[in-house]
1. Which one of these is among the charged types (D, E, K, R), in a helix (DSSP H, G or I) and more than 26 Å from Ala25 (Cα to Cα): Lys108, Lys115?
2. Test Glu124 against the criterion of being farther than 23 Å from Glu17 by Cβ and either in contact with a Pro (Cβ under 8 Å, 6 or more places away or on another chain) or among the acidic types (Asp, Glu) (or both), and give yes or no.
3. Tell me which of these Ile56 doesn't satisfy, since it passes every other one: (1) closer than 20 Å to Asp16 by Cβ; (2) modelled with pLDDT of 90 or more.
4. Could you check Leu62 against (1) modelled with pLDDT of 90 or more; (2) touching a helix residue (DSSP H, G or I) at 6+ places or on another chain (Cβ under 7 Å); (3) buried (at least 20 other Cβ atoms within 10 Å of the Cβ) and say which number it fails?
5. Counting just the residues of the stretch 74-83 that are open to solvent by less than 40 Å² (accessible area, probe 1.4 Å) and hydrophobic (A, V, I, L, M, F, W, C), which one comes out farthest from Pro12 (Cα to Cα)?
6. Residues of the stretch 1-23 being out of contact with any Cys (no Cβ under 8 Å at 6 or more places or on another chain) and among the aliphatic types (A, V, I, L, M), which ones?
7. For the stretch 90-110: of the residues being modelled with pLDDT of 90 or more and of a type in the set (Gly, Ala, Ser), which is surrounded by the fewest Cβ atoms within 10 Å (Cβ to Cβ)?
8. Being open to solvent by 30 Å² or more (accessible area, probe 1.4 Å), modelled with pLDDT of 90 or more and not aromatic (Phe, Trp, Tyr) narrows it down to one of Leu113, Leu86, so name that one.
Amino acid sequence: MSRLPNMIVMEPSDEDELVNMVATAVQNDDRPVCFRYPRGDIVRNSLICHGMPLEIRKAEILAEGGDIAFLGYRVMVENCLIAWCLLSSLGIQVNVADARFCKSLDIKLVRQLCKEDEFLITVEEGSLGGFGSHVAQIIFLDG
């Protein structure tokens, strides 16, 4: 889907973000939107839920510090936070960001992480040509 022109591609890291992404899709009327979620993994207990639309192309920084950045996508953001906790207990500080959008990627944040951190690690469920490849292509094209 990320290869289609003007497509917005997003995937939530948890159930609250899924609700917000649905609200984002409903509010968007100028280009196509798709969002993916793992079957059976994201469940909301409340029957009534009103999401807050997200800013298109806006990632979220969840933890700050250090010279290493984890840029998580999808449900792997939780693994980034677990790694952050374990590394913090060893005295190693890292940044953790939830990309939220594969397309349109938050290029401003990616640039910031590349500039401020020695290493940028993309974290996703293993797939060839997936999110990490997309980020690498953006960084390469961006110079």
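The values are calculated or read from the model by the stated rules, or taken from the named source; none is laboratory data. A quick note: this is a predicted structure, and the numbers were derived from the prediction, not measured. Quick reminder, even Gly has a Cβ in these numbers, built from the backbone with ideal geometry, and neighbours come from all protein chains shown. Protein only, heavy atoms only, side chains kept; ligands, DNA and RNA dropped before computing areas. Shrake-Rupley method; radii C 1.70, N 1.55, O 1.52, S 1.80 Å.
1. It is Lys115.
2. So Glu124 does not fit the description; no.
3. (2)
4. Looking at each condition in turn, Leu62 falls short on (3).
5. In this case the residue turns out to be Ala83.
6. Leu4, Leu18, Met21, Val22, Ala23
7. My answer is Gly91.
8. Leu86
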